[in-house]
Amino acid sequence: MSPSTGHPVSQVQVPAPGGGRLWAERTGAGRPVVLLHGSGMDSRLWDAVVPALSRHHDVIRYDARGLGRSAEPEHPFDDVEDLRAVLDHFGLRSAALVGLSMGGETALDFALAHPGRVASLALVGASVSGHDWPPSPETTAYAQARRRGDAAALAELELSVWAAMGRTAPGGELIAAMVEENAARRLVSEHFLAGAPERAAEPRLGLITAPTLVVHGDRDHPEIAAIAHRLAADIPGARGHLVPDADLYLPLRTPARLTELLLAHLA
């Protein structure tokens, strides 16, 4: 039982397509909402958002394949199919999807593949499949760290580039713990991640039919801001919001403001 909401909390292992298990948690009551975290993180990203959100909604969060408490993959997997498996496990015909970074990319890909199963979208500091990231020292350093299998370098890059506000900002210690604990597992997970080769959401954003909220922080990477503007412009009816005093990790940097935006969008 959650002490903040009075609703029971259930934690389960969801069978993943092709083998393995996905750790998932469900709490609250109301219309269902599924929370998807970013690359190199886990579902603790949503710790400061779930209590208020679950007072009004049936909230499900899960650890992506190979991260957090989910099993490491041993074969190629598809994160869109993993999301479908989570919805099926909980008997949800459709749900609102809230995705951050990689989680936002997965939510968009899922909405294009299974439009009838997405009640609404909230894209938080989201990436998008098919986006051509410009060359930069950061992208080069990421590629080199992956080639070397250097988990420590990967974690250091994640924290310096995407959590630029640092450990002393709100949520800083939890952000650092998530990133450092998941760095080595991330290398394994990304090695096996195999979405469909033709998957590219960016040129098909006009086909999204779900009501969409696009949020990004004013301290986030400039390319995330560029993607956010593209999402808000190209998804029919999408609404964009810029949140002050937040880098990529909005759910831990500014949880009250993000929760307010999500509740208004989901109402």
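The values are calculated or read from the model by the stated rules, or taken from the named source; none is laboratory data. Keep in mind that what you see is a predicted model, and the values were worked out from it rather than measured. So basically every Cβ, Gly included, is an ideal-geometry build from the backbone, and we count neighbours across all protein chains shown.
Matching residues to (1) assigned to a loop (DSSP other than H, G, I, E, B); (2) without any contact (Cβ under 8 Å) to a residue 40 or more places away in the chain; (3) out of contact with any helix residue (DSSP H, G or I) (no Cβ under 9 Å at 6 or more places or on another chain); (4) crowded, with 17+ Cβ neighbours inside 10 Å:
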position: ASN182; (1), (2), (3), (4): no, no, no, yes
position: ARG199; (1), (2), (3), (4): yes, no, no, no
position: ALA210; (1), (2), (3), (4): yes, no, no, yes
position: LEU213; (1), (2), (3), (4): no, no, no, yes
position: ARG219; (1), (2), (3), (4): yes, no, no, yes
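The residue pairs whose first member lies in region 124-139 and is within 23 Å of ASP109 (Cα to Cα) and touching a residue at least 60 places away in the same chain (Cβ under 8 Å), whose second member is surrounded by fewer than 21 Cβ atoms within 10 Å (Cβ to Cβ) and of a type in the set (Asp, Glu), and whose beta carbons are closer than 6 Å, counting only pairs six or more residues apart or on different chains, are VAL128/GLU202; GLY130/GLU202; HIS131/GLU202.
Residues that are more than 18 Å from the chain's Cα centre (by Cα) and not in a strand (DSSP E or B) were ranked within region 17-41; the one that is nearest to GLY104 (Cα to Cα) is PRO17. Quickly run through region 45-78 and pick out the residues that are part of a helix (DSSP H, G or I) and surrounded by fewer than 22 Cβ atoms within 10 Å (Cβ to Cβ). PRO51, ALA52 - these are the residues of region 45-78 that are part of a helix (DSSP H, G or I) and surrounded by fewer than 22 Cβ atoms within 10 Å (Cβ to Cβ). A single member of SER54, SER70 is in contact with a strand residue (DSSP E or B) (Cβ under 7 Å, 6 or more places away or on another chain) and farther than 25 Å from SER127 by Cβ, and it is SER54. All conditions in (1) under 19 Å from PRO255 (Cα atoms); (2) touching a residue at least 40 places away in the same chain (Cβ under 8 Å) hold for VAL12, with the sole exception of (1). Is it fair to say SER4 is among the polar types (S, T, N, Q), at pLDDT 95 or above and either assigned to a loop (DSSP other than H, G, I, E, B) or over 20 Å from the mean Cα position of the chain (by Cα) (or both)? No, not satisfied. Just one residue in the set ASP47, ASP58, ASP82, ASP88 is without any contact (Cβ under 8 Å) to a residue 12 or more places away in the chain and either more than 23 Å from HIS229 (Cβ to Cβ) or out of contact with any His (no Cβ under 6 Å at 6 or more places or on another chain) (or both); that residue is ASP88. For region 148-179, the set of residues classified as among the acidic types (Asp, Glu) and assigned to a helix (DSSP H, G or I) consists of GLU156, GLU158, GLU173, listed by residue number.
Looking at region 223-231, is at least one residue closer than 19 Å to TYR249 by Cβ, at pLDDT 95 or above and not in a helix (DSSP H, G or I)? Among the residues of region 223-231, not one is closer than 19 Å to TYR249 by Cβ, at pLDDT 95 or above and not in a helix (DSSP H, G or I), which makes the answer no. Residues satisfying the criterion are present in region 255-267 (criterion: under 21 Å from ALA48 (Cβ atoms), without any contact (Cβ under 8 Å) to a residue 12 or more places away in the chain and not small (Gly, Ala, Ser)). None of GLU202, GLU180 is in contact with a His (Cβ under 7 Å, 6 or more places away or on another chain) and charged (D, E, K, R) except GLU202.
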